[in-house]
Amino acid sequence: MKIITRDVPPRAAWALEQGGLHPLLARLFAARGITSTDELDDALARLIPPSQMKGTQEAARALADAMAANERICIVADYDCDGATACAVGIRGLRLLGAPLGFDRVEYLVPDRVTDGYGLTPAIARRVKERGAQWLVTVDNGIASVTGVKAARELGLKVLVTDHHLPAVQEGEVVLPQDCTIVNPNQPGCGFASKSIAGVGVMFYVLLALRAELRERGVFTAQSQPKIDTLLPLVALGTVADVVKLDANNRRLVAQGLKRVRAGAMPAGMAALFQVAARRPEMATSFDFGFALGPRLNAAGRLADMTLGIECLTTDDAGRADELARTLDGINRERKTIEGDMREQALLLAEELFDESEEPPPAITVFDPDFHEGVVGIVASRLKDKLHRPTFVFAASGAEGKEHELKGSGRSIPGFHLRDALDLVAKRHPGVLLRFGGHAMAAGCTIEEEHLDTFEHAFQQVAHEWLDAATLQRRLEADGALDKQYRRADLVDTLHKEVWGQGFAPPVFCEELEVVSQRLVGEKHLSLKLKHQGEPVDGIWFGHTEPLPARVKLAFRLDADEWQGQRRVRFLVEAAEF
């Protein structure tokens, strides 16, 4: 592990401090590219206007017409947390904005991960038609569903695609669904600056445009219009859970959602999820969204039915919300058990690819007939973290008639664009990839089992060509030493209240520390007594069992725990450089 200290532009840090920011925050924000306090203004008025996202005005007019005609709208959602929150935002928002018109004819449908697969398919379009809908609205999917949209249109359905994924590419040309309205910042010709907005954010922007359209039509005034900012806790949850880059616009959406959660203004289902996760909403952080609420919702889509998650987020009945949250918590516990067993087996399979004395190959591919396809993405992420290699984990498809297909989920490392790698594999080996899609850091594909070896070798070949020794070395960016005057519980709280996440990393400090004592706790965590700048401090390294030398350079996050009524700072160790 190589620990790299971030550069801190002194002028930016000074300007932020002069703008009233705490010196420690000024230093951290400057290291993350912030140059003025103006960039930290999280007011809703600072959001990029909806008019800058291509398709929002057309979508708003179409939805307003549908409401006026009392047409039934069916939302087709993805089965992850972003899709669930986007669906909940769509349902709540459309009913809220339609209330003055007496409109509430909104329902939803979630494809089954195993039997339906990802996205809008012709079969899903038929099910929407059978429900009597006139409109099909996708959330967090649809941009690559060319045949699904075509089938929907042939059935007489009107289609609105809201998505944030990259469109399909065939023979070097972008291919978009036809004869429908598309709202997606990543479609050609869209100048929306926040290309990293999540699917739930796109749906929220459609609602902002719809409210403006309804206001223009005189349905309500600026004073009487419904307050759709009540949806921001859901927007924040989906944005963080989807691990999209937290650019300035996304940070504003998350910050606004967190403010409302901390004030207790959130849907009943979110409150219930906080309770089953034993987290305190009044102290909510982006960490809670990513590691407490998000996994419980995602577990439903992985192992059961995401309608459980969506109902949890859309119900206003506190009792029903509590019941659903407890069900989701139980599913998540099952997911953890399955994931743990799969992770151990996947690691054994990966370690068979190289000797202990060797470096791992530049890319990892593993498959086991007993793997559960709903958990392959998590296991790929864990393997990628441990081996620092682009990783694909495959499981057998559980869909009827597709028993010979394998579904794979991949995770990548910085410097290796996973979707582009799959595109190159597809070009070099036509027919091997039945379907594929995704982003730079996460992607998925489907192959025939007989082509697994071909895929593995082709994937490794691309990695050989694209990755060098420097890229393959694990690196951790840190924020340098922590002055002991900042080792205070109140400053820990100050740091936790800020919006951190993908592309705006939470603070990690690094320096050489003295290890006074160390012991194993729970058989898999290293509990530490450290000396930091001459003063004692507790530390813990979760998931690490190897002993440390007496003096070592550590990268650590700050945390505060309570013991006998006293709050004390402790260091959460992230890495060591020997």
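The values are calculated or read from the model by the stated rules, or taken from the named source; none is laboratory data. Predicted model, so just to flag it, every value in this text is computed and none were measured. In this analysis, Cβ positions are derived from the backbone assuming ideal geometry, glycine residues included, and neighbour counts consider all displayed protein chains.
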As an exercise: evaluate Pro100 against (1) at pLDDT 95 or above; (2) touching a Phe, Trp or Tyr at 6+ places or on another chain (Cβ under 7 Å) and give the number of the one condition it does not meet. (1)
Go through (1) surrounded by 12 or more Cβ atoms within 10 Å (Cβ to Cβ); (2) out of contact with any Ser or Thr (no Cβ under 7 Å at 6 or more places or on another chain) for Glu562 and report which single condition fails. (1)
Consider Leu418 carefully, then state whether it is buried (at least 18 other Cβ atoms within 10 Å of the Cβ) and closer than 21 Å to Glu352 by Cα. no
Unique residue being of a type in the set (Phe, Trp, Tyr), under 21 Å from Arg335 (Cβ atoms) and in contact (Cβ under 8 Å) with a residue 60 or more places away in the chain when the list is Phe392, Phe459: Phe392
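Yes/no matrix, rows are residues, columns are (1) part of a loop (DSSP other than H, G, I, E, B); (2) modelled with pLDDT under 95:
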site	(1), (2)
Val8	yes, no
Ala12	no, no
Ala26	no, no
Gly33	yes, no
Lys54	yes, no
Gln57	no, no
Ala62	no, no
Tyr79	yes, yes
Cys87	no, no
Based on what the data block shows, is Asp179 crowded, with 23+ Cβ neighbours inside 10 Å and of a type outside the set (A, V, I, L, M, F, W, C)? no
Answer yes or no as to whether Val375 is within 17 Å of Asp453 (Cβ to Cβ), β-branched (Val, Ile, Thr) and not in a strand (DSSP E or B). no
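For every residue, the table says whether it meets (1) outside any helix (DSSP H, G or I); (2) modelled with pLDDT of 95 or more; (3) outside the structural domain of Glu535 (by TED's automatic domain parsing).
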{"residue": "Phe436", "(1), (2), (3)": "yes, no, yes"}
{"residue": "Gly444", "(1), (2), (3)": "yes, no, yes"}
{"residue": "Ile447", "(1), (2), (3)": "yes, yes, yes"}
{"residue": "Leu452", "(1), (2), (3)": "no, yes, yes"}
{"residue": "Phe455", "(1), (2), (3)": "no, yes, yes"}
{"residue": "Ala458", "(1), (2), (3)": "no, yes, yes"}
{"residue": "Gln461", "(1), (2), (3)": "no, yes, yes"}
{"residue": "Glu465", "(1), (2), (3)": "no, yes, yes"}
{"residue": "Leu482", "(1), (2), (3)": "yes, yes, no"}
Within the range 31-69, tally of residues that are at positive phi and in contact (Cβ under 8 Å) with a residue 24 or more places away in the chain: 1
Take the residues in the range 222-281 that are β-branched (Val, Ile, Thr) and within 18 Å of Asp140 (Cβ to Cβ); name whichever of them is surrounded by the most Cβ atoms within 10 Å (Cβ to Cβ). Thr239
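So that you can scan it fast, the table gives a plain yes or no per residue for (1) out of contact with any Leu (no Cβ under 7 Å at 6 or more places or on another chain); (2) over 23 Å from Leu422 (Cα atoms); (3) in contact (Cβ under 8 Å) with a residue 12 or more places away in the chain:
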{"residue": "Glu171", "(1), (2), (3)": "yes, no, no"}
{"residue": "Leu176", "(1), (2), (3)": "yes, no, yes"}
{"residue": "Cys190", "(1), (2), (3)": "yes, yes, yes"}
{"residue": "Arg217", "(1), (2), (3)": "yes, yes, yes"}
Provide a single number: the residues in the range 385-406 that are surrounded by 23 or more Cβ atoms within 10 Å (Cβ to Cβ) and at pLDDT below 95. 0
Checked Cys87, Cys74, Cys81 against criteria (buried (at least 19 other Cβ atoms within 10 Å of the Cβ), touching a Gly at 6+ places or on another chain (Cβ under 6 Å) and in contact (Cβ under 8 Å) with a residue 60 or more places away in the chain); the one match is Cys81
If only one of Ala395, Ala380 is under 30 Å from Ala123 (Cβ atoms) and touching a His at 6+ places or on another chain (Cβ under 8 Å), which one is it? Ala395
Only one of (1) touching a Cys at 6+ places or on another chain (Cβ under 7 Å); (2) outside the structural domain of Leu383 (by TED's automatic domain parsing); (3) over 23 Å from Ala31 (Cα atoms) fails for Glu514. Which number is that? (1)
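Let's see how each residue does on (1) part of a helix (DSSP H, G or I); (2) within 16 Å of Thr454 (Cβ to Cβ); (3) assigned by TED's automatic domain parsing to the domain that holds Asp112; (4) touching a Gly at 6+ places or on another chain (Cβ under 7 Å):
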| residue | (1), (2), (3), (4) |
| --- | --- |
| Leu348 | yes, no, no, no |
| Pro360 | no, no, no, no |
| Arg382 | yes, no, no, no |
| Lys386 | yes, no, no, no |
| Phe392 | no, yes, no, yes |
| Ala395 | no, no, no, no |
| Glu403 | no, no, no, no |
| Leu422 | yes, yes, no, no |
| Lys427 | yes, yes, no, no |
Meets criteria (surrounded by 15 or more Cβ atoms within 10 Å (Cβ to Cβ), outside the structural domain of Asp247 (by TED's automatic domain parsing) and of a type in the set (A, V, I, L, M, F, W, C)) for Leu528: yes
Count - residues of the range 534-578 that are assigned to a strand (DSSP E or B) and touching a residue at least 24 places away in the same chain (Cβ under 8 Å): 27
Tally of residues being of a type in the set (Gly, Ala, Ser) and surrounded by 24 or more Cβ atoms within 10 Å (Cβ to Cβ) across the range 94-118: 1
If you go through the range 275-328 one residue at a time, how many are among the aliphatic types (A, V, I, L, M), closer than 26 Å to Phe504 by Cβ and not in a helix (DSSP H, G or I)? 2
Inside the range 146-164, can you point out the residues that are part of a loop (DSSP other than H, G, I, E, B) and surrounded by fewer than 17 Cβ atoms within 10 Å (Cβ to Cβ)? Leu155, Gly156
Looking only at the range 297-337, count how many residues are surrounded by fewer than 24 Cβ atoms within 10 Å (Cβ to Cβ) and free of Cβ contacts under 8 Å to residues at least 60 places away in the same chain. 23
